[in-house]
Structures are given as C-alpha cells and as structure tokens.
Amino acid sequence: MIEVPEYSVPLARPKLGSAGKTGFWRTSRPVIDYQKCTKCRLCVIYCVENTIDLMPDMYPRIDYDYCKGCGVCSNVCPHEAITMEPEVK
Amino acid sequence: MTEALRLDNARFLRGNAACPGCPIPKELDTLLSVMGKRTVLVVPASCTSVILGDTRGTPSTVPVIHSAMAASAAIASGVERALRARGEKDFNVVVWAGDGATGDIGFATLSGAAERNENILYVCYDNEAFMNTGIQRSSLTPYGAWTTTTPEGKREFKKPLPLVMMQHRIPYVATASIGYIFDYEQKLRKAKGIKGFRYIHLLSPCPPGWRYDSSLTVEVAKLAVDTGIWPLFEVENGEFRLTSVSKTHLDKSRRKPVEAYLKLQGRFKNLTQEQVQEIQRMVDEMWEEIKALVKK
C-alpha cells in the first residue's frame, strides 16, 4: 500500500530472529524419532513459535536456531515420536 | 533461504520475544496468512507490543500501528477510512488486542466502532488477565482464578464479551480457541469476506500467567472447549451457530467435567470443592442459555 524507501526512516523491518537466536533460551531440546514419525504434521500445525518446517518429503524438521524448547510439539505428537532431552546433562 | 524468509505470503517470523509456549506467534501467523500482505495491524499496549519488538527488526511482515490501550478501535476506524479515501481497494484493517484492552480499557472505542459498523476486524486474544504487566486481574478473568491482585481467587464472574458484542448486532461475531486451530482459521476466512465490523474472541492460554507447564498450551486450550467452559460459536447476521466440537456439547454427557480443565492450572489450585461445583453449575447454566440462542 504505502511504500517506504529503505533506510530513510527508522522503521522496523521484518526480521527473522527479532529477539536474537532464541534457541539459546532452551532448557530441553525436542528430538524427532523419524522411525516413529507418521508425517501427521500435528507438530508443524501446533508449534507455537512456527519453528518446525515441513520438508519436501513431508517429514517435519525443527529449526534449532529459534526453537525455544516449550515442548508443545512433544505434547501434541500422538505417536510419542518427539522426546524432550535436557540441554545440560 | 529458509521457508520463513520467503515473504511471498504474509507470515509471522520465528525468533521473536514471545515466552516459550505462548500461542500468540502461531495465532498471528494464522491471521496474517489468511489476511494476506495488504493488511494493517493495530496493536494496543499488550504482550504483542513486546513481541513485535523495536526498530531493530519486527517479526511482523505487515505494517503495524502501536496504539494507546483505549484508542485501538478508533485508530483502526481512522486508518480504514483514510485508506478508503486514498482509493485503496482489497485491504484489511485488523485490531489485535488483549483482553484488558478489549474488555476494560478499550471497551468504549470498541463499542463505538461496533455501533458505527466500521469496516474493521477486531480480534481479542484473551489470556484472561493483564499478563504483560504482571498478571493483574481484568474483567475477563474467570471466577476463582488467582492473579497478583486477587490472591485468594477472583470473586466476580467473567464478562461475557462475545455475547455483549452480539448484542451490538454487528455482521459477524465468533469465538475461537488455539486448540482448534482450523476452526479459528475458517472463522478468519469467513470474517475476511464480510464487510462491516467483525469481532473474533480468541482464547489464548498463557503459561506463566495460568501457572501450567509450557508444553500444555494446546492441551489446555482444547480442554477449555471440551469441558464447555469456552463454547465455540459464530453469529452471522444474528444467526447463532455452534461450530467444531461444540456442536455436540448441548448434550451435557458429551462435555468433560470442568475439573479436567481446572486441575491442569496452578491459578485454580486453591479452589474448594464447592467452588468447583459452582463453576460446573455456571457452565451448565451458560449452556442452557446457548440452547435458547440456538433455537431462535
């Protein structure tokens, strides 16, 4: 609608990781067991941070740069294919 | 280039300042992907103001106007009229407000804009307290819930805001829950196609404020619907319709007992058995009212 020239005014631009690499917030890491995964995509649909991508082969892949480790994906997975493993052992 | 950076469609970008387990990024992502790039968001002071960040970068791929808490509906009305006066076509003006800015502080402008039937979409994401400032009670906090200003549990009842908006006789009113995300998406699609004031009330669980583990966000949002505490419905031109799983909940035996929802959340842990029964009674009473609305 309204085109604002780049770098003319101090306006916020769309940016991936506007709060930095939020993966550093994580205390436990979701790990997908691809043997158990049935490609139901519930984790992609319900990841509240939108950090799970759907690969061309329809398997989910977690973007660990930005995943905050909330555990929603592991909770919605009907086949228990996603386990939460502690980041610090 | 990753999936999220391809900005051919409006998205809400990852790596924002939302708490782990907060459903707001997902809700906004759904909203933006339905509404498209020609959208203006108006956001009053709320958690979302923090999530949208400062001038170093924003997760939103559409323009955002940060507004004062009480002014959001008035600002959106002005933006919509200004864009129309410029001759723009096919645009959406969306207010994305929390429950405090909708039910308490901004209610006057919301009611005014609804009365004028401004062509805007108002989405209230309801986390049932002033979460951004530290969990103070709002008029949409439910009965019995702990907040920092109601340490013994709230004594008053939750304001039935969707029904209040229904009484404004606007073209479209709907409730939604992030637990039933396709229902929410479908309601956004429907709202996009309607001209006039549209109102969607979206239940948005808050892990720190509701005192539950961040992994349970979707489960809590689903249970709110399954127990009948949060009925999913839409009112289109005065015609009341239950949607999604709530269609079956007119029959009491199909609803789960409210304990299932209450026991997951630390904010309800001090409830006595009598209070739980009181909440169950209130829910049953609400469904009797809904039965009368459906028949009409």
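Every test in (1) surrounded by fewer than 17 Cβ atoms within 10 Å (Cβ to Cβ); (2) away from every other protein chain (no Cβ under 14 Å); (3) of a type in the set (Asp, Glu) is passed by B:GLU185 save one, and that test is (2). Give the residue, chosen from A:ALA19, A:ALA81, that is crowded, with 17+ Cβ neighbours inside 10 Å, among the aliphatic types (A, V, I, L, M) and within 30 Å of B:GLY57 (Cα to Cα). Testing whether each residue is crowded, with 17+ Cβ neighbours inside 10 Å, among the aliphatic types (A, V, I, L, M) and within 30 Å of B:GLY57 (Cα to Cα) leaves just A:ALA19. Looking across segment B:95-112, just one residue is among the aliphatic types (A, V, I, L, M) and over 16 Å from B:SER139 (Cβ atoms), and that is B:VAL95. Among (1) within 22 Å of the chain's Cα centre (by Cα); (2) more than 10 Å from chain A (Cβ to nearest Cβ); (3) modelled with pLDDT under 90, where does B:ASP8 come up short? In the conditions (1) within 22 Å of the chain's Cα centre (by Cα); (2) more than 10 Å from chain A (Cβ to nearest Cβ); (3) modelled with pLDDT under 90, B:ASP8 misses (1) alone.
Just one of the listed residues (B:SER214, B:SER244) is farther than 27 Å from B:GLU278 by Cα, crowded, with 17+ Cβ neighbours inside 10 Å and not aliphatic (A, V, I, L, M), namely B:SER214.
When only residues in segment B:33-59 that are in contact with a Lys or Arg (Cβ under 9 Å, 6 or more places away or on another chain) and surrounded by 22 or more Cβ atoms within 10 Å (Cβ to Cβ) count, which is farthest from the other protein chains (Cβ to nearest Cβ)? Per the stated criteria, the residue is B:MET35.
A residue that is more than 23 Å from B:SER139 (Cα to Cα), within 12 Å of chain A (Cβ to nearest Cβ), of a type in the set (A, V, I, L, M) and in contact with a strand residue (DSSP E or B) (Cβ under 7 Å, 6 or more places away or on another chain) cannot be found anywhere in segment B:113-123.
Counting only helices (runs of 4 or more DSSP H) that fall entirely inside segment B:183-266 and contain at least 3 residues that are under 24 Å from A:CYS43 (Cα atoms), the qualifying elements are B:207-210, B:217-226. If you take the residues of segment A:48-67 that are within 11 Å of another protein chain (Cβ to nearest Cβ) and acidic (Asp, Glu), which of them is surrounded by the most Cβ atoms within 10 Å (Cβ to Cβ)? Checked segment A:48-67; the qualifying residue surrounded by the most Cβ atoms within 10 Å (Cβ to Cβ) is A:GLU49. For segment A:21-46, residues that are without any contact (Cβ under 8 Å) to a residue 40 or more places away in the chain and facing chain B (nearest Cβ under 7 Å) total 2.
The values are calculated or read from the model by the stated rules, or taken from the named source; none is laboratory data. Everything quoted here is computed from the prediction, not taken from an experiment. All Cβ positions, glycine included, derive from the backbone under ideal geometry; neighbour counts span all protein chains shown.
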